[in-house]
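So the structure is just underneath, and the comments pick up after that.
Just so you know, all these numbers are worked out from the coordinates, no wet-lab data involved. Everything numeric in this text was worked out from a predicted model, so none of it was measured. Cβ atoms come from the backbone with ideal geometry, glycine included; neighbour counts cover every protein chain shown.
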Amino acid sequence: MGYFDGLVNSSFKKDSSGRRVYYAWGIFGKGVVLEDARTEEKLRAFLKKYYIAVILLATGLVAVSGLMYLLLVLMLLIYIWFFFTTRELLSQCPVSEEHLTIKDAYSAMTAGTSEFVIWLFLLCSLGFAAGGTWIMLHPVPLGARLAAGMGAILFTAGAAALAYMLKLKRDQEEAEKKSRVRPGLGL
């Protein structure tokens, strides 16, 4: 599985009854119970396209500041697309009383993301954090220092989250190894 599969996974969990629940607003909202596999498949396929579009547009916002207003309008249209598509897919789904925790979201995302990708993002985050710190400590205009400082803080927080994901990945792999060992054989 790739990065986007992991990102999609972070919005799903099984409730105490074993049913799949989707959380459109993550830890900040209630989930809806997905009562059939077909709805979940459609929702996962849509979410993957949605996340790809959001990340491409966000990258475009940073890279091409001259088109910022056009890109902001496109971002708004993508959010509208998200709202109406998920509303249509989930209109018949009952609301779940269980909430999504941060650990649930990170565990699901980690399970769907390769260790290589987590390491790659961790190293990039650390590099950007170091770059922001370097810029902040040099004689550049105040606005650039503030932006670099905010970037350093953001990428340091991202690096901490990715380090946590690496720990979860190792824990998941260890649990998987233990589950493969048959009792009594000492394998």
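Mind putting a number on the dipole of segment 1-139 about its Cα centre? Charges go on the C-beta only, +1 for Lys and Arg and -1 for Asp and Glu, and I need it in Debye to the nearest 20.
Values: 12 positive and 11 negative charges, 27 e Å.
Dipole size: approximately 120 debye.
Excluding residues fewer than 8 places away in the same chain, name every one of the aspartates and glutamates whose C-alpha is closer than 16 Å to that of residue 167.
Residue 167 reaches 104, 115, 176.
Can you tell me the orientation of helix 102-111 relative to the chain, as the angle in degrees between its alpha-carbon axis and the longest Cα principal axis, to the nearest 10?
Approximately 80 degrees, to the nearest 10.
Based on the mean of other beta carbon atoms within 10 Å per residue, what is the order of 97-104, 79-86, most packed first? Kindly include the intermediate steps, with their values, before the conclusion.
Values: 97-104: 14.9, 79-86: 13.4.
My ranking of the peptides, most packed first, is 97-104, 79-86.
Along the charge dipole of segment 1-100, which of 71, 92, 8 sits closest to the positive end, that is, farthest toward it, with unit charges on the beta carbon of Lys, Arg, Asp and Glu (+1, +1, -1, -1)?
Toward the positive end, the furthest listed residue is 71.
Over segment 114-179, calculate the relative contact order: mean separation of alpha carbon pairs under 8 Å at least 6 apart, over the residue count, as a percent.
On the way: 50 pairs, mean separation 26.7, N = 66.
Answer for segment 114-179 is 40 percent.
Kirkwood Rh over alpha-carbon pairs of segment 80-178, then Stokes-Einstein at 37 °C and 0.692 mPa s: what D in µm² s⁻¹, rounded to an integer? Mind showing how you got there, number by number?
Numbers: Rh = 16.5 Å.
Estimated diffusion coefficient is 199 µm²/s.
Please find the FRET efficiency linking residue 173 to residue 14, where r is the Cβ-Cβ separation and R0 is fixed at 30 Å, and quote it to the nearest 0.05. If you can, show how the numbers build up before the last one.
On the way: r = 20 Å, r/R0 = 0.68.
With a Förster radius of 30 Å, E is 0.90.
With each run of n ≥ 4 DSSP H residues scored as -39500 (n - 2.57), what mean residue ellipticity at 222 nm is computed for the chain after dividing by its residue count and rounding to the nearest 500 deg cm²/dmol?
On the way: 6 runs with 128 residues, N = 187.
Helices in the chain give a 222 nm mean residue ellipticity of -24000 deg cm²/dmol.
For the chain, with the dipole built from +1 on Lys and Arg beta-carbon atoms and -1 on Asp and Glu ones, taken about the Cα centre, which of 139, 117, 129 lies farthest toward the positive end?
Most positive-ward Cα: 117.
Relative to the longest principal axis of the chain, what angle (0 to 90°, nearest 10) does the C-alpha long axis of helix 37-63 take?
Around 10 degrees separate the two axes.
Can you tell me which aspartates and glutamates have their Cα less than 19 Å from the Cα of residue 49? Leave out same-chain residues fewer than eight positions away.
The reachable aspartates and glutamates, counting only those whose Cα sits under 19 Å from residue 49, are 5, 40, 41, 88.
I'd like to compare 2-15, 25-38: which one has the highest average count of other Cβ atoms within 10 Å, and what's the full order after that?
Working: 2-15: 18.4, 25-38: 14.4.
The packing order, highest mean first, is 2-15, 25-38.
Helix 115-136 sits at what angle to the longest principal axis of the chain, using alpha carbons and giving 0 to 90 degrees rounded to 10?
20
Of the listed values (1) 52, 43, 32; (2) 43, 32, 27; (3) 64, 49, 25, identify the label whose number matches Cα extents along the principal axes in Å calculated from this model.
Recomputing Cα extents along the principal axes in Å here gives the entry labelled (3).
Evaluate E = 1/(1 + (r/R0)^6) for residue 41 and residue 181, where r is the Cβ-Cβ distance and R0 equals 41 Å; express this FRET efficiency to the nearest 0.05. Each step should come with its number before you reach the end.
Values: r = 33 Å, r/R0 = 0.81.
Result of the calculation: an efficiency of 0.80.
As a footprinting exposure proxy, order 40, 88 by other Cβ within 10 Å, with the fewest listed first.
On the way: 40 15, 88 11.
Taking fewest neighbouring Cβ atoms as first place, the list is 88, 40.
Holding the Cα-Cα limit at 19 Å, pick out from 30/103; 48/103; 103/177; 13/177; 103/169; 14/103 the pairs that are longer than that. All intermediate terms of the calculation are to be shown ahead of the outcome.
Details: 30/103 16 Å; 48/103 21 Å; 103/177 21 Å; 13/177 22 Å; 103/169 12 Å; 14/103 13 Å.
From 30/103; 48/103; 103/177; 13/177; 103/169; 14/103, over 19 Å: 48/103; 103/177; 13/177.
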